[in-house]
Amino acid sequence: MGILPEAVGFPLRQVVKLCLIFVQVLFILWAIYAAYDIRLHAIKVFGMIIHEFDPWFNYRAAEYLAQHGLEKFFKWYDYMSWYPIGRPIGTTIYPGMQIWAVFLWEVMKKIPQMSVPIPGVDILRPIVAFAQTRGLLFLPTLTSSISIGPMSVNDICCMIPPWFGSIASVCTGLLTYEISRSVNAGVSATCIMAIIPAHIMRSVGGKFDNEAVAMTAICMTFWLWLLSVRSHKYWPVGVLTGLSYINMVAAWGGYIFVLNMIGVHAVMLVLLGRFNSGVHKAYTLFFVIGTAGAMQIPVVGMQPLRSLEQMGPLLVFFGYQVLAFCDIKRRQQKMGAFEFAKYRIMVCLVAAAALAAVAVMLYPTGYFGPLSSRIRGLFVKHTKTGNPLVDSVAEHQPANPRIYASHLGLPLDYVALGGIVSTWKRNNGFYFLCLYGFIAQHFSGKMSRLVLICGPIVSVACGIWCGWLLDQLIEPFLILLGKKGYSAPATKDKSTSSAPTSGKSEDPPTGNKNKGSAKKAAKPAKTQKGKEEEQLELEEWEEDVRPGGAFQLKRILKRQLWEMYPEASLAEVREYREYFDNNPLALLGRAGFSILFILYLLGASSLVPKVAEYMEHCKAVGESVGSPTVMFAVKQNDGSTYIVDDYYRGYKWLEENTPKDARVMAWWDYGYQITGIGNRTSIADGNTWNHEHIATLGRTLTSETKRAHNAIRHLADYVLVWGGGQRDDLGKSPHLARIGNSVFPDHCGDDDPKCNKFGFYNDRSPTPMMEKSLLYKLVKHNVDEKVKVNEQLFKHVFSSKHGLLRVYEVQNVSQESKDWVADPKNRLCDAPGSWYCVGQYPPALHKLIAKRRNFAQVEDFNKKGEKSAYTKMIEKEKRGEL
């Protein structure tokens, strides 16, 4: 109810709306740029260089794909890694990042170098200048044009994280809008997601890692799923959901989280009585298209039909087909509530018995794959998985309050408020919000790395709270200008009968489906008391009045709850609401309150300083995680920045000063950098797909020098170690010994599963076993005057400028073993002429390899192998025996 004539109020209202839209667009543009800019610190400081460890392999794989094409990529058996076994790259990689990188590279090759003018720059310049005076961060330097053109694969790989960071922020905004139906909430969530550290931590420029692309795929898949189940008419969006899920599967192994989230939400919709033909079609399309596409990715293969981690969504798919079949029969036979409930129970029992029979027949054959140690670690009470390799990785440890505060920060304080206001619109998206929040909190609490999946849900919940506040503050002004306010629904005669609860008279209507505010009563022929009829009106997510299930049980419960609420009190609430939306004085009061509240927020409250402090924190996090690892920046006394690039120069030394067929032994952490930067063969890398091989490496490096040389001379030409005392190999060496002992029980002994005899005393002096080890001597050689390595076995040939990386040449290398491994005849192929040919250890190492025992993780019930002393110790800890 406006206070102005419609002829005046309408144009004014449209002007206000246009101004709001303009401001919203500005904030979206800011969020897109902020997400991009906050991730560019490393590139601005270090240039276009790949970061850390895994991204070097991802980049190397992208280069291979660009040079050889997709077919050869999927049949690539790499003999430069995991020497002498090699690694089948095509069947052990999630290729989404590489495909995106090469696709963009191919597209940009076709774009000539050009300068593209930017429209509207003159309009934006004063706005940006004003924002700068207010201290807003991440503002662009506006130019009249932007230069675009071809880029190298390396540069594209460096830029993909910032690009996809912006896209993920927009997808989070769309997800928020789908849950709240508030544009302001969507804009707020986009801005939060753009800079939240939980998202930044895996997506800074140069960090060409799986999660950089996967976060975009996660948010997009969830948004499309919720859109497909918004109402029964939106089910065709399930096709896009399936396609987006394929992108997710190709990008990251965390696709299992996405699959199970949607599967559990689909079950929740059934339990809430929200199953209908639209939901059935949406989930079926998603699952069929997504699973069919996922199975085309070699690393996934048949896992969607065999892995225990994916059995749940598969069972949901079968269950949905059973429920859809029952619904078809209900309509055909016009079943009543009791008859339909009985029929559905019978059909479900038969289907469950059939599935159980199939499972019983398949189980003895080993058809079902076991849970991986990482997945199992998300559910066990303790933090240890029984695998010393997995347990040694810091990001696999549980999150703590400090991590949540650092990576989620200020938005986390408003998550609960966002959840509360979301209860006002309990659509399908609301329940997804609750489910996502619970699962993200649980899993991130088990593994700190998974704090990144909290980024979207915290952004969504906080965005909903911010959007709700903005909506409430803006609404009175729009109503004053003529927007229609709340009107209480007409109340029916109290003497009319209530809706039936059973009988064939409840056959649902097939026409006049309603949505939004234009809903009709579910049974026009059956009138009810006013508040009951309001509850029986179909919501947008409902297709018909389904008898004999959760929908009817919920309807009965809601009717009883409404009857407990006095009619007079309900009418009074409606009157108050109608008064505040239609009385001019009340509207002016609300408008005045909005103005005062905004002035309070901007001037007197602590919110503005908190937001400014939080943005500075986000910027600091973006800078702190922006170190490429192979080089880092230090501040000098004069305030200038000095780049320490010892590691990068050391790997480049390998490329420039060693034979092309040189084999370099180092701990598995550095394998990706040895092949990616140094372009030399490595013994192992961060893929960790072969525990026994890594244990062999760990045992060798932590053995006594002569004993180690006896093995290394058959495997490597050089040995590389990290020194310097900060991130050097001695700090992590107890893990190496422990992992080696899990496969070679003679290393530390079964009586010492944690290899406590290999390490440092409290005074930082080495234990006897460590002091005699090759690794200790290589790191401390000529650094500690008392420590010398036998240069007749390992000759020191390179130390970086600051002593952070050292290289030793192995003496008396066995050329016979090297030639034997290089001979294709000595590889084991899965079929004649196949590309899949596994290398073998040279005969000289057979005695050593024979000492190994197969490593069996705690949960690998399908794998034959004796459990290590470490695994047995973890099992005893879980049983409370230690």
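The values are calculated or read from the model by the stated rules, or taken from the named source; none is laboratory data. Quick caveat: nothing in here was measured; it's all calculated off a predicted structure. Ideal geometry is used to build each Cβ from the backbone, glycine not excepted, and the neighbour counts take in all protein chains shown. Keep in mind that these areas ignore ligands, DNA and RNA; they rest on the heavy atoms of the full protein, side chains included. Shrake-Rupley method; radii C 1.70, N 1.55, O 1.52, S 1.80 Å.
Taking (1) assigned to a helix (DSSP H, G or I); (2) surrounded by fewer than 21 Cβ atoms within 10 Å (Cβ to Cβ); (3) at pLDDT 95 or above in turn, ASP669 satisfies each apart from (3).
Among the residues of segment 756-790, those identified as within 23 Å of ALA716 (Cβ to Cβ), assigned to a loop (DSSP other than H, G, I, E, B) and open to solvent by less than 80 Å² (accessible area, probe 1.4 Å) are PHE758, VAL787, VAL789, ASN790.
On the basis of being open to solvent by 40 Å² or more (accessible area, probe 1.4 Å), over 30 Å from LEU433 (Cβ atoms) and not in a loop (DSSP other than H, G, I, E, B), does MET346 make the cut? Yes. The helices (runs of 4 or more DSSP H) located wholly in segment 495-582 that include 2 or more residues which are open to solvent by less than 70 Å² (accessible area, probe 1.4 Å) and modelled with pLDDT of 65 or more occupy 550-564, 567-582. With respect to the conditions (1) open to solvent by 20 Å² or more (accessible area, probe 1.4 Å); (2) part of a helix (DSSP H, G or I); (3) over 20 Å from GLY312 (Cβ atoms), ALA214 lacks only one, and its number is (1). Selection of segment 607-641 for residues being touching a strand residue (DSSP E or B) at 6+ places or on another chain (Cβ under 9 Å), open to solvent by 50 Å² or more (accessible area, probe 1.4 Å) and either modelled with pLDDT of 90 or more or assigned to a loop (DSSP other than H, G, I, E, B) (or both) yields only GLN636. Of the numbered criteria (1) modelled with pLDDT under 90; (2) open to solvent by less than 50 Å² (accessible area, probe 1.4 Å); (3) under 23 Å from LEU720 (Cα atoms); (4) not acidic (Asp, Glu), the one GLY749 fails is (3). With respect to LEU26, determine if the residue is over 27 Å from SER203 (Cβ atoms) and either assigned to a helix (DSSP H, G or I) or open to solvent by 50 Å² or more (accessible area, probe 1.4 Å) (or both). No.
Out of the residues in segment 247-263 meeting the condition of being among the aliphatic types (A, V, I, L, M) and closer than 17 Å to ILE453 by Cα, tell me which one is surrounded by the fewest Cβ atoms within 10 Å (Cβ to Cβ).
The extreme case among them is ILE256.
The residue that is farthest from GLY186 (Cα to Cα), among those in segment 467-491 that are assigned to a helix (DSSP H, G or I) and open to solvent by 30 Å² or more (accessible area, probe 1.4 Å), is PHE477.
Considering only residues that are within 27 Å of GLU616 (Cβ to Cβ), open to solvent by 60 Å² or more (accessible area, probe 1.4 Å) and not hydrophobic (A, V, I, L, M, F, W, C), which ones fall in segment 29-74? Within segment 29-74, TYR33, TYR36, LYS44 qualify.
Checking each residue in segment 791-827 for being under 27 Å from GLY731 (Cβ atoms), among the basic types (Lys, Arg) and surrounded by 14 or more Cβ atoms within 10 Å (Cβ to Cβ) picks out LYS795, ARG806. Checking every residue in segment 270-285 against the condition of being part of a helix (DSSP H, G or I), more than 27 Å from LEU553 (Cα to Cα) and at pLDDT 90 or above gives at least one match. I'd like to know if segment 594-605 contains one or more residues that are within 22 Å of MET193 (Cα to Cα) and polar (S, T, N, Q). No, segment 594-605 contains no residue that is within 22 Å of MET193 (Cα to Cα) and polar (S, T, N, Q).
Within segment 698-728, being outside any loop (DSSP other than H, G, I, E, B) and closer than 13 Å to SER814 by Cα holds for HIS709, ASN710, ALA711, ILE712, TYR718. Within segment 682-693, residues that are closer than 21 Å to LYS818 by Cβ and at pLDDT 85 or above have Cβ atoms under 7 Å from residues that are open to solvent by 20 Å² or more (accessible area, probe 1.4 Å) and part of a helix (DSSP H, G or I) in these pairs: ALA684/TRP668; ASP685/TRP668, counting only partners at least 6 apart in sequence or on another chain.
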